[in-house]
Amino acid sequence: MFGGYVDPSMRPSNLSRVGCSQLVYYDGLVKRMDPSLREFLAYSSTEKGLSGNTLAAYRRDLTRLAAFLKKRETDLASASGSDLAAFLDSLFRDGLGARSVARYLSSVRGLYRYLQNQDRLVEDPTADLRAPSQPKTLPKFLTLHEVDQLLDAPDPETPLGSRDLAMLQLLYATGLRVSELVSVQLSELNAEMGVVRTVGKGQKTRLVPVGRSALDAIEAYTSGFRRSILKRRDSKYLFVTARGSAMTRQGFWKLLGRYGLMAGIGKPITPHVLRHSFATHLLERGADLRSLQLMLGHADISTTQIYTHVLRTRMRAIYDAHHPRS
């Protein structure tokens, strides 16, 4: 730990799985970390409340930058715009795509924005850096028939099948991020009101409506199967494993892929594909972008606008159906 920053892998829930040699290594890592990076991570953790995954990504990206700058005989606080441009060029030479390089640039900008706000820099060396252009691709999503196939794959008469069906139903019904899905607690689902409370990016809380099909699947799971999975253990989390712990993101990715194969769906299925399916199907049936933004937890409406292809398709259909000279 340093200044309030805790590496996600070193949180208390994970310490029991970490050996002494790893703790020694972790202490060494913190001591060797560039001071500017240590301060930025502490600020991002304690002041901005960023998630462990985001903090880990910042640490990985900026540690790589610090190593690059060391070879150029400088450090994070002293780097120039040309140093940072050379770093981004090196990422391309190492085979990273435009999307990955853009993520690195976002991490770098976050650091230097912090340093400037702390009066550690007169000018921001990232001011003239431009994000690499990325090819515009439409989000991948499932058809309604494919969603039905996927939801038919789990066996609802078994404890794990009932749990898995409830997870799939809730994900498709709400468009939650996978990290939000596996973190849902029993107390955060209000079946009577038909909403689930979730904490998304930036520790922002939102309420998302839950449909009747998902609520019925969750009720079937929690009324008996969940207790049989826990085997007298207690857990605050809605979706649990046979070990009594919460379902992990990696675990859900694996079971989702398995059910996709069982359903005979000939395309890769990820949690984000179901999130995109939720958004696409809502828009196809008349939802507006602003409401969708709130349900998805997007901070900016521009993020939600990746789904405007659906609106354009619907406008064309409306025009063709109703304009007298279409």
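The values are calculated or read from the model by the stated rules, or taken from the named source; none is laboratory data. These numbers were taken from a predicted model, which means no experiment stands behind them. Every residue, glycine among them, receives a Cβ derived from its backbone with ideal geometry; neighbour counts consider all protein chains shown.
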List every residue pair whose Cβ atoms lie under 9 Å apart, where the two residues are 6 or more positions apart in sequence or sit on different chains, the first residue falls within the range 74-86 and is more than 16 Å from SER36 (Cα to Cα), and the second residue, located anywhere, is hydroxyl-bearing (Ser, Thr, Tyr) and surrounded by 17 or more Cβ atoms within 10 Å (Cβ to Cβ).
GLY81/THR126
Only residues in the range 112-124 that are modelled with pLDDT of 90 or more count as the first member; pair them with residues that are exposed (fewer than 12 other Cβ atoms within 10 Å of the Cβ), Cβ under 9 angstrom, at least 6 apart or cross-chain, and list the lot.
TYR112/ALA127; GLN116/VAL122; GLN116/GLU123
Residue among LEU37, LEU41, LEU88 that is under 20 Å from ALA131 (Cβ atoms) and of a type outside the set (D, E, K, R):
LEU88
Looking at the range 164-177 only, could you name the residues that are hydrophobic (A, V, I, L, M, F, W, C) and assigned to a helix (DSSP H, G or I)?
LEU165, ALA166, MET167, LEU168, LEU170, LEU171, ALA173
Go through (1) within 21 Å of the chain's Cα centre (by Cα); (2) aliphatic (A, V, I, L, M); (3) at pLDDT 90 or above for ALA98 and report which single condition fails.
(3)
For the range 46-94, give me each residue that is more than 23 Å from the chain's Cα centre (by Cα), of a type outside the set (Ser, Thr, Tyr) and assigned to a loop (DSSP other than H, G, I, E, B).
ARG72, GLU73, ASP75, ALA79, ASP94
Tally up the residues in the range 189-214 that are in contact with a Leu (Cβ under 8 Å, 6 or more places away or on another chain) and surrounded by 18 or more Cβ atoms within 10 Å (Cβ to Cβ), please.
6
Give the residues of the range 178-208 that are under 17 Å from the mean Cα position of the chain (by Cα) and not in a strand (DSSP E or B), sorted by residue number.
VAL178, SER179, GLU180, LEU181, VAL182, SER183, VAL184, GLY200, LYS201, GLY202, GLN203, LYS204
